[in-house]
1. Would you work out if the stretch 21-82 is rounded, prolate or oblate? Take a ≥ b ≥ c from the square roots of the eigenvalues of the alpha-carbon gyration tensor; rounded if a/c is under 1.5, else prolate when a/b is larger than b/c, oblate otherwise.
2. Keeping to pairs on different chains or 8 or more places apart, tell me how many lysine pairs in the stretch 23-120 have Cα atoms under 20 Å apart.
3. Subtract the Cα-Cα distance of ARG36 and ILE191 from 0.36 nm times their separation in residues, and report this length gain in nm to one decimal.
4. Given all pairs of different Cα atoms, what value in angstroms does the Kirkwood hydrodynamic radius of the stretch 1-112 take?
5. Per residue, how large is the accessible surface of the chain? Use a 1.4 angstrom probe and give square angstrom.
6. How much of the DSSP bridge set in the stretch 1-125 is antiparallel, in percent, rounded to the nearest 5?
7. Set the Förster radius R0 to 30 Å, insert the Cβ-Cβ distance between LEU112 and ASN171 as r into 1/(1 + (r/R0)^6), and round the FRET efficiency to 0.05.
8. Long-range amide H contacts for ILE80: which residues qualify at under 5 Å (H placed 1.01 Å from N, peptide plane, sequence gap of 5 or more or a different chain)?
Amino acid sequence: MKVKQAIIVEGRYDQAKLSSLVDATILTTGGFDIFRDKKKLALFRALAEKDGIIILTDSDAAGFRIRSYIAGAVDTDKIIHVYIPDLLGKERRKTQPSAEGKLGVEGIPADLLLEAFRRAGVSVENSGTSAKDGDPVTKADFVEWGLSGGENSFALRQQLLNRLRLPARMNANALLKVVNSLYSRSQVQQILKELQ
(Lines give C-alpha, C1' and ligand atoms only; values in the text may rest on other atoms or scores of the structure.)
Protein backbone atom coordinates (compact mmCIF):
# COMPACT_ATOMS: atom_id res chain seq x y z
CA MET A 1 0.00 0.00 0.00
CA LYS A 2 1.60 3.29 -1.14
CA VAL A 3 0.51 6.36 0.80
CA LYS A 4 1.23 9.94 -0.26
CA GLN A 5 1.14 11.50 3.22
CA ALA A 6 3.93 11.14 5.76
CA ILE A 7 2.94 8.92 8.67
CA ILE A 8 3.83 9.97 12.21
CA VAL A 9 4.23 7.20 14.81
CA GLU A 10 5.61 7.17 18.35
CA GLY A 11 8.68 4.93 18.21
CA ARG A 12 11.04 2.92 16.06
CA TYR A 13 9.26 -0.39 16.65
CA ASP A 14 6.03 1.17 15.40
CA GLN A 15 7.98 2.49 12.42
CA ALA A 16 9.46 -0.94 11.68
CA LYS A 17 6.06 -2.64 11.87
CA LEU A 18 4.42 -0.08 9.61
CA SER A 19 7.23 -0.02 7.05
CA SER A 20 6.59 -3.70 6.35
CA LEU A 21 2.99 -2.85 5.42
CA VAL A 22 3.00 0.64 3.93
CA ASP A 23 5.21 2.40 1.38
CA ALA A 24 5.40 5.92 2.81
CA THR A 25 7.60 8.34 4.68
CA ILE A 26 7.29 7.13 8.28
CA LEU A 27 8.72 9.31 11.03
CA THR A 28 8.80 8.89 14.78
CA THR A 29 8.06 11.35 17.54
CA GLY A 30 10.59 9.68 19.82
CA GLY A 31 7.78 9.36 22.34
CA PHE A 32 7.59 12.42 24.57
CA ASP A 33 10.77 13.83 22.97
CA ILE A 34 8.45 15.59 20.53
CA PHE A 35 7.53 18.05 23.29
CA ARG A 36 11.14 19.32 23.32
CA ASP A 37 12.15 18.82 19.67
CA LYS A 38 11.15 22.02 17.85
CA LYS A 39 12.96 21.01 14.64
CA LYS A 40 11.04 17.76 14.39
CA LEU A 41 7.76 19.57 14.99
CA ALA A 42 8.72 22.05 12.24
CA LEU A 43 9.42 19.09 9.95
CA PHE A 44 5.97 17.66 10.69
CA ARG A 45 4.44 21.05 9.83
CA ALA A 46 6.35 21.22 6.53
CA LEU A 47 5.28 17.70 5.58
CA ALA A 48 1.68 18.55 6.51
CA GLU A 49 1.71 21.65 4.32
CA LYS A 50 3.04 19.73 1.34
CA ASP A 51 0.92 16.55 1.27
CA GLY A 52 -0.70 16.26 4.68
CA ILE A 53 0.25 13.89 7.49
CA ILE A 54 -1.25 10.82 9.07
CA ILE A 55 -1.01 10.52 12.84
CA LEU A 56 -0.97 6.95 14.17
CA THR A 57 -0.24 6.64 17.88
CA ASP A 58 -0.99 4.01 20.50
CA SER A 59 -4.49 4.02 21.97
CA ASP A 60 -3.28 4.69 25.52
CA ALA A 61 -3.16 8.03 27.35
CA ALA A 62 0.43 8.74 26.26
CA GLY A 63 -0.45 8.13 22.62
CA PHE A 64 -3.42 10.48 22.79
CA ARG A 65 -1.32 13.15 24.49
CA ILE A 66 1.29 12.98 21.70
CA ARG A 67 -1.44 12.96 19.03
CA SER A 68 -3.11 15.99 20.57
CA TYR A 69 0.16 17.93 20.77
CA ILE A 70 0.97 17.37 17.08
CA ALA A 71 -2.60 18.06 16.02
CA GLY A 72 -2.51 21.35 17.90
CA ALA A 73 0.62 22.44 16.03
CA VAL A 74 -0.53 21.58 12.50
CA ASP A 75 -3.43 22.81 10.35
CA THR A 76 -6.28 20.40 11.13
CA ASP A 77 -7.24 20.20 7.44
CA LYS A 78 -3.83 18.63 6.75
CA ILE A 79 -4.18 15.75 9.24
CA ILE A 80 -5.70 12.31 8.91
CA HIS A 81 -6.11 10.54 12.23
CA VAL A 82 -5.75 6.75 12.15
CA TYR A 83 -6.82 5.00 15.34
CA ILE A 84 -5.97 1.47 16.39
CA PRO A 85 -8.44 -0.59 18.40
CA ASP A 86 -8.04 -1.18 22.12
CA LEU A 87 -6.61 -4.69 22.34
CA LEU A 88 -5.32 -6.03 25.63
CA GLY A 89 -2.00 -7.83 25.63
CA LYS A 90 1.75 -7.23 25.46
CA GLU A 91 4.23 -6.97 22.63
CA ARG A 92 6.55 -9.94 22.13
CA ARG A 93 9.72 -7.94 22.85
CA LYS A 94 8.41 -6.75 26.23
CA THR A 95 8.44 -8.67 29.48
CA GLN A 96 5.32 -6.94 30.82
CA PRO A 97 2.30 -5.25 29.29
CA SER A 98 2.13 -1.45 29.13
CA ALA A 99 0.73 0.51 32.06
CA GLU A 100 -2.78 0.33 30.59
CA GLY A 101 -2.31 -3.25 29.36
CA LYS A 102 -3.06 -2.33 25.73
CA LEU A 103 -1.18 -3.32 22.63
CA GLY A 104 0.58 -0.46 20.86
CA VAL A 105 0.94 0.03 17.11
CA GLU A 106 3.81 -2.47 16.98
CA GLY A 107 1.66 -5.20 18.55
CA ILE A 108 -1.51 -4.78 16.49
CA PRO A 109 -2.01 -7.49 13.83
CA ALA A 110 -1.25 -6.32 10.29
CA ASP A 111 -4.78 -6.83 8.99
CA LEU A 112 -6.21 -4.63 11.76
CA LEU A 113 -3.65 -1.90 11.05
CA LEU A 114 -4.52 -1.85 7.36
CA GLU A 115 -8.21 -1.82 8.23
CA ALA A 116 -7.61 1.20 10.49
CA PHE A 117 -6.11 3.04 7.50
CA ARG A 118 -9.10 2.16 5.33
CA ARG A 119 -11.57 3.27 8.01
CA ALA A 120 -9.77 6.60 8.26
CA GLY A 121 -10.20 7.12 4.51
CA VAL A 122 -6.51 7.02 3.64
CA SER A 123 -6.20 6.98 -0.14
CA VAL A 124 -3.69 4.68 -1.77
CA GLU A 125 -1.39 5.96 -4.51
CA ASN A 126 -0.46 4.06 -7.64
CA SER A 127 2.39 6.28 -8.83
CA GLY A 128 5.95 5.16 -8.37
CA THR A 129 7.75 8.40 -7.46
CA SER A 130 7.08 11.37 -5.27
CA ALA A 131 9.88 13.71 -6.34
CA LYS A 132 8.80 16.95 -7.93
CA ASP A 133 10.94 16.86 -11.07
CA GLY A 134 11.77 13.47 -12.48
CA ASP A 135 13.57 10.75 -10.63
CA PRO A 136 13.68 10.64 -6.84
CA VAL A 137 16.95 11.01 -4.95
CA THR A 138 18.43 7.57 -4.22
CA LYS A 139 20.91 6.04 -1.79
CA ALA A 140 23.38 5.88 -4.69
CA ASP A 141 22.98 9.65 -5.12
CA PHE A 142 23.76 10.14 -1.43
CA VAL A 143 27.00 8.16 -1.89
CA GLU A 144 27.91 10.06 -5.07
CA TRP A 145 27.18 13.43 -3.44
CA GLY A 146 29.21 12.55 -0.33
CA LEU A 147 26.26 12.31 2.04
CA SER A 148 26.76 8.62 2.77
CA GLY A 149 29.66 6.18 2.93
CA GLY A 150 32.44 8.76 2.76
CA GLU A 151 35.00 10.07 5.19
CA ASN A 152 33.16 13.36 5.76
CA SER A 153 29.62 12.12 5.08
CA PHE A 154 28.39 12.65 8.61
CA ALA A 155 29.62 16.26 8.69
CA LEU A 156 28.08 17.03 5.28
CA ARG A 157 24.78 15.43 6.33
CA GLN A 158 24.79 17.53 9.49
CA GLN A 159 25.31 20.68 7.39
CA LEU A 160 22.44 19.67 5.12
CA LEU A 161 20.18 18.85 8.08
CA ASN A 162 20.99 22.22 9.62
CA ARG A 163 20.39 24.07 6.33
CA LEU A 164 17.04 22.30 5.86
CA ARG A 165 16.18 22.90 9.54
CA LEU A 166 15.77 19.19 10.18
CA PRO A 167 16.55 17.30 13.41
CA ALA A 168 20.29 16.64 13.84
CA ARG A 169 19.67 13.02 14.89
CA MET A 170 18.03 12.09 11.60
CA ASN A 171 19.92 9.23 9.95
CA ALA A 172 20.68 8.97 6.23
CA ASN A 173 17.67 6.76 5.44
CA ALA A 174 15.22 9.09 7.16
CA LEU A 175 16.85 12.10 5.47
CA LEU A 176 16.45 10.41 2.08
CA LYS A 177 12.71 9.91 2.64
CA VAL A 178 12.19 13.47 3.85
CA VAL A 179 14.22 14.95 1.00
CA ASN A 180 12.09 13.05 -1.52
CA SER A 181 8.93 14.21 0.23
CA LEU A 182 9.79 17.91 0.41
CA TYR A 183 12.34 18.71 -2.31
CA SER A 184 13.08 17.97 -5.93
CA ARG A 185 16.33 16.36 -7.02
CA SER A 186 17.54 19.65 -8.51
CA GLN A 187 16.73 21.56 -5.31
CA VAL A 188 18.83 19.14 -3.25
CA GLN A 189 21.73 19.40 -5.70
CA GLN A 190 21.57 23.21 -5.58
CA ILE A 191 21.57 23.23 -1.76
CA LEU A 192 24.59 20.91 -1.69
CA LYS A 193 26.46 23.22 -4.11
CA GLU A 194 25.74 26.14 -1.78
CA LEU A 195 27.14 24.17 1.17
CA GLN A 196 30.48 23.50 -0.56
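1. Judged from the Cα gyration tensor, the stretch 21-82 comes out rounded (a/c under 1.5).
2. Number of lysine pairs found: 9.
3. 53.1 nm
4. In the stretch 1-112 this quantity evaluates to 14.2 Å.
5. 53 Å²
6. Counting only bridges with both partners in the stretch 1-125, antiparallel ones make up about 20 percent.
7. Efficiency, rounded to the nearest 0.05: 0.55.
8. When sequence neighbours closer than 5 places are left aside, the close amide H contacts are ILE53, ILE54, ILE55.
The values are calculated or read from the model by the stated rules, or taken from the named source; none is laboratory data. Remember, predicted model here, so these are calculated numbers, not experimental data. Positions of Cβ are backbone-derived with ideal geometry, glycine not excepted, and every protein chain shown enters the neighbour counts. Note: accessible area is taken over every heavy atom of the protein model, side chains too, but ligands, DNA and RNA are not part of it. Shrake-Rupley method; radii C 1.70, N 1.55, O 1.52, S 1.80 Å.
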